[in-house]
Each structure stands twice: as C-alpha cells, then as structure tokens.
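Take this structure, written in structure tokens, and hold onto it; I'll ask about it next.
The values are calculated or read from the model by the stated rules, or taken from the named source; none is laboratory data. Note that this is a predicted model, so its numbers are computed, not measured. Every residue, glycine as well, gets a Cβ built from its backbone with ideal geometry; the counts of neighbours run over all protein chains shown.
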C-alpha cells in the first residue's frame, strides 16, 4: 500500500534526493540563462544553496526528529544561499519548514499549508516579485495543492505527482509571461531548478534507488593549511638543483640521448635534457651532482655550471614565511584589540585592480566574488566578523548578490549591516566616494542611495551560444555590450562593440567616462581605446584604470 504520510525519516530522504537531482542537472540549468554570457550560474547557485542544507541534514543521521530536520534544512539553506535564485529557494524552505517543524508526520492538509507558507515567505523576501520566475512555479504548485486538498484528495502519491506535474506545466508557460524568455527560447532557469528538486524528492517517495551520499564542502582558504605548514611538510627528496651545458665533442645521437636521460633518472628527478646540434642543455635535481657531471664529461666540455642547495633555500624560505605569518598574526591581534570604529565598509569585488581600488578608497574588507561566483549569505557573515566596526555598509556590486546581502543583514545580531543595493562595480565605487565621515550613518546612506542612481554602467563580454534577445541576433563568440537595461551592442569587433555600447550610455549631461579593463585586455589596447574616446567625447573626462576582472573585457561607467 502506498504511503499516506511522510515522517521525518522519509522527508530527509526526499530532501537529499531533491538536492542530488538538482546537483546532477546544474550545468543544464546554467545553460538556460537568458543572456548567453559565460557566467550563467543559476544552477550552480541553487545547487550550492541546497547542498549547504543537505550536508547538515546528512550529518543528522536517520534518527532525527522533524524539528531537528527542519532546523537543518532552514539554517543550512539560509546560510548557504547564493544568488537571487538560491536566496528564493532558501526562503521557500524557510517557510515550508516553519510550518511543519512541530508536526510528527505530514499528510495532504499539512503539506498544502506548508506549500502556502513557503510561497508566502519567498514572495515577502523579494522587493518586486516578477512573474514568470521560480516564484511563479512555486505558487502554481501551491495553488494546485490547495485545489486538490479542497476537493478531498486522499491519495498522497497521486497528490504529489499531480502537484509536480502542474509545476512542470507552469514552468512551460513562463516564456508566455516573460517575453525575454520566449525570445531566447528557454524556460525560467530558477523555475526549472525548483522542478528538479521536487522531481528528485518524489522519486525518493516512490522508493526509487538513489545515491544520497553528500560530498563534504570544499575547504575555505582560511581553513586550509598555511603555506608555511605546506612547506614544512614538503619532502625534498633530491637536494641539489644542477644545471650545465655540454659542449659536444663526439656524436650525441638519439640512442646516446636516451642513455643519458636514463642515467639522470637513476640519480634524480625534474630532468630536462635538450640537444641542439653541438650543445646539450641539462637540468636535474639530484643528491650527487658529481655523478651527473662525470657522466656529462664523457660527451664534451661543460659550461654555465650552476648548483644550488635546495634544502638550504628551503630553510631560508621557511624562516621568511614564519616571520611573515608572525607579523600578520600580530597585526590581526592589534587590530582586534582596537575599539570598534563607528562605520566600516565591506565590498564584493573580483579582479586585483578593482579590489585594490576599493581598498584605496577605504573599504575594510573585500569578498572575492561577483559575476562568476556569487558569495553566499554565510560568506558575507564571515566577512563581517573581520570588520571591526559597529555599523557596516555592505556593497554587493551585483544585482544577483543583493538578496544574499539582505539575508545576511537579517541574520546579523551584534552589528548593524546596511546594504547599499549596488548592482555594479561602478555603483559601488560611487557609493564609497560619496561617504562623508562627518555625516551621520543615516545621512550617508541617503546620499549613497541617491548617487548610485546617477551611474550608468556597461560591460563587454562574449556570447556562449546563438540566440536572439531584444531583436538582436547573437552568434556564439560574438562580443556583447551589456547596459543596465540589457544588451545594447553586438558584433565581432570588440573595440567597435565597446564604442557602440558607450555611445548608448553617453548623453548631453555626461561628464565622466570611467573605463576598467580586464585581465584579458592588453594595456596598450586599453590606452588606444581611451585615445579614441577622448576624440569622440571632448566634453567628457576619460579615466582609464586596470580592473583585472575576468570574463568582462571592459567595465565602463558614465556619470
């Protein structure tokens, strides 16, 4: 007989199965991203969100009660939430688990109420909910559950199957709700992710064999061994780095070369032996350089001889590392001992140039991330601990990080986090520049919120697939200029696309054009672009800086 109730043990299996199914489909979901950019990451964000909770659920074992299970799902997903889709997924879990945490078993009425609470909680988390997204799919499933419950449904297997089938139908209709989806020929990626979670959970309910093993989280940089520890544990098997050139006075044919290499391999490693007409370049790590030299002398005279004691260098390196780590520890202790300042700044940034710029403007801590990797709510909370201030302004600098930052602000208890909803790096830079220490926190917040609205941003990247967006036909590997409202320029010439994009951003009131070039752009190419722009826009000041950002060749702001 089919199950008519779900206990904590079954719910745990269903949750883990849903997480695993999403993980298996994440790359496919990434490819559903409307914009054909190389950093479409909905699948990755949702997977990392749910796997954060899955690890906590997995650690509970099979004997956990409903309350403990709900706490693991809710807290794990909230702290692990990344990107807008991940945050919304975590809010769905938050509402669902809050509704059922005091239940012993779940039946159709209890599940129906939990679905409603999940949708209600998720909609409240989004300032301007948009239909045709994961929210719509969740609401469609909840509405179908309510309809079936009111009609007296009493078969749980059929109930769940019908709800999920309707979720798939709603997902198929998302292109009719969002024209951009229809034009791109895709359904909503977040909605697809939710359907995969529900489908995996249903498979577990039906008793299908599923591998529920959850891999441990990758170690964070601060959790891994220090470079000093790694160096100390490294074993130097061969102590002398030996290099020389043989000036040949006898034939050094293929057989002689093979014999010589074989001899070097018998006494050491890291071997390089390159023959070129009348000379042979040799490099070997060995414990007896004399043997290598003796053998080489049979083929000719030696020159450019160089022997380094790597063990001695190793010890010197360890000493320098220990001094450096001691100095860093002392600096951290001194900083922690200082009284908390009134206001601090935390910014999300990617690219060494951009990160250094934020630091030079007074930002206390940089979270590495952005387009290619959205930091989680937990990442933001961990970073907050490193800022010794009573009030901390958080600059997400990406529209897909704002919800996670807001969630961190809600969870923070001992400091005040104020999220300035900066959607781009240039907006973040503008916010910091407009901070005035003499003004109150409230006055500074008001000023920053006002000034970031005056910044227009454009970014140049490349397309990863063929598509049509906003009536623009885009081919794989085309360059795209993306403005605040969408794609404004497309073509095969990066410089032309960049100039066309900037032309769309500049108007008669524009005074300043700031260009940040990425790690894949040569400095002279960036300088040439600045020269072109100075001629094209003589009324504007043109600023050029190295940003070092990946994937986006140029990030441009116009004010």
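State all residues of segment 498-518 that are more than 14 Å from residue 536 (Cβ to Cβ) and crowded, with 16+ Cβ neighbours inside 10 Å; if no residue qualifies, say none.
Listed by number, the residues that qualify are 514, 516, 517, 518.
Separate question: Take segment 269-293 and flag every residue that is over 16 Å from residue 305 (Cβ atoms) and under 50 Å from the mean Cα position of the chain (by Cα).
269, 270, 271, 274, 275, 276, 287
A follow-up question, please. Could you check segment 441-468 and list, in sequence order, the residues that are more than 22 Å from the chain's Cα centre (by Cα), within 26 Å of residue 516 (Cα to Cα) and in a strand (DSSP E or B)?
456, the sole residue that qualifies.
Mind listing whichever residues of segment 468-477 are buried (at least 20 other Cβ atoms within 10 Å of the Cβ) and either on the phi > 0 side of the Ramachandran plot or modelled with pLDDT of 95 or more (or both)?
If the condition is that a residue be buried (at least 20 other Cβ atoms within 10 Å of the Cβ) and either on the phi > 0 side of the Ramachandran plot or modelled with pLDDT of 95 or more (or both), then no residue fits.
Need the failing condition index for residue 532 against (1) at pLDDT 90 or above; (2) at positive phi, just the number.
(2)
Further, regarding this structure: Going through segment 478-497 one residue at a time, which ones are touching a strand residue (DSSP E or B) at 6+ places or on another chain (Cβ under 6 Å) and loosely packed, with under 13 Cβ neighbours inside 10 Å?
none
In segment 359-375, is there at least one residue being modelled with pLDDT of 85 or more, surrounded by 13 or more Cβ atoms within 10 Å (Cβ to Cβ) and assigned to a helix (DSSP H, G or I)?
Yes: segment 359-375 contains one or more residues that are modelled with pLDDT of 85 or more, surrounded by 13 or more Cβ atoms within 10 Å (Cβ to Cβ) and assigned to a helix (DSSP H, G or I).
List pairs: first residue in segment 110-130 and on the phi < 0 side of the Ramachandran plot, second residue surrounded by 17 or more Cβ atoms within 10 Å (Cβ to Cβ) and in a loop (DSSP other than H, G, I, E, B) anywhere in the structure, Cβ distance under 7 angstrom, at least six positions apart or on different chains.
110/103
Sort through 392, 429, 380 and tell me the only one that's part of a helix (DSSP H, G or I), surrounded by 15 or more Cβ atoms within 10 Å (Cβ to Cβ) and either touching a residue at least 40 places away in the same chain (Cβ under 8 Å) or in the same structural domain as residue 45 (by TED's automatic domain parsing) (or both).
429
Ok, one more. Condition first: surrounded by 24 or more Cβ atoms within 10 Å (Cβ to Cβ) and either at pLDDT below 90 or under 13 Å from the mean Cα position of the chain (by Cα) (or both). Now tell me which residues in segment 398-417 satisfy that.
Result: 398, 401, 404.
Can you find even one residue in segment 248-263 that is at pLDDT 90 or above and within 23 Å of residue 314 (Cα to Cα)?
No, every residue in segment 248-263 fails to be at pLDDT 90 or above and within 23 Å of residue 314 (Cα to Cα).
Quick one: which residue in 508, 523, 535, 527 is over 25 Å from the mean Cα position of the chain (by Cα), without any contact (Cβ under 8 Å) to a residue 40 or more places away in the chain and under 18 Å from residue 352 (Cβ atoms)?
From the options 508, 523, 535, 527, the qualifying one is 523.
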